[in-house]
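Heads up, the thing below is written out as structure tokens.
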Amino acid sequence: RDLHSFPTRRSSDLPDKMFLSSSLDVISSIIGSLKESVQPLVEEYNLISVLTGCMEDNDADVRQAAFGVLGDLAQYCYIVVKPHIKTFVMLCVKYMNVEYALCCLLRCRYPSVCNNAIWSLGEMVLRAGTEMALYAEAVLPLLISFNSQTRLPAGIKDNSTISICRYCLTVPQAIPYVRNCFGMLCTNVAKLR
């Protein structure tokens, strides 16, 4: 049946949220196993619409899992992501902003939605190449701001560093954005495993 026909979930409905985030984790594993062969399933079951809805869910675990699925799709089956690249990039930017602000406000230990949004963005950059030049102005200042923070979780700093490097590797127009923070970027790259 069409995944889009799942019933609407309430924020207080914890078992449904756990089911949904666990289901997205299973979908992520399927994508990792089938790779580009997953394309017919994604199209038949309307996964892109479901994924977009899950990224806007009010539950952080659902959003985290949804961005994880996006990253896997970008990595293994970019062809299904490409027609929706603008929507996905804007959702990544939105939740990088929201989750980062929330993290600073509440002093969260690990803002996982933000981390997955940055990671999935980096996967899209690597595959989309110069198409991502359109989004450099919205994306790069935010990624660079993560790199300059001292109190962020290592995962966010690592993923933002990698995403900036991927941007510079595939989109020459991105290089002027990093000119003033090149030393800091090199320092962060040196710390990556």
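Computed quantities for the displayed model
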| quantity | calculated |
| --- | --- |
| Where a label projected 7 Å from the Cα of residue 19 along Cα→Cβ would reach, residues of region 54-92 with amide N under 14 Å | none |
| The chain - accessible surface per residue (Å², probe 1.4 Å) | 51 Å² |
| Apportionment of accessible area to carbon and sulfur, the chain, percent (1.4 Å) | 57 percent |
| Choice from 18, 55, 96 showing the highest fluctuation, given a GNM over the chain with Cα pairs closer than 10 Å | 18 |
| Nearby aspartates and glutamates by direct alpha-carbon distance to residue 17 (threshold 15 angstrom, same-chain neighbours under 8 apart not counted) | 25, 56, 57, 59, 61 |
| Those aspartates and glutamates that a straight Cα-Cα span of less than 17 Å connects to residue 157, excepting residues fewer than 8 apart in one chain | 99, 123 |
| Dipole of the chain, positive direction: furthest Cα of 181, 37, 50, with charges on the beta-carbon | 181 |
| Cut-off 13 Å between beta-carbons: net charge of the residues surrounding residue 87, Lys and Arg +1, Asp and Glu -1 | +2 |
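The values are calculated or read from the model by the stated rules, or taken from the named source; none is laboratory data. Fair warning: this is a prediction, and the values are worked out from it, not measured in the lab. Virtual Cβ from ideal backbone geometry, glycine too; neighbours counted across all protein chains shown. Side chains included, ligands, DNA and RNA excluded: accessible areas come from the protein's heavy atoms. Shrake-Rupley method; radii C 1.70, N 1.55, O 1.52, S 1.80 Å.
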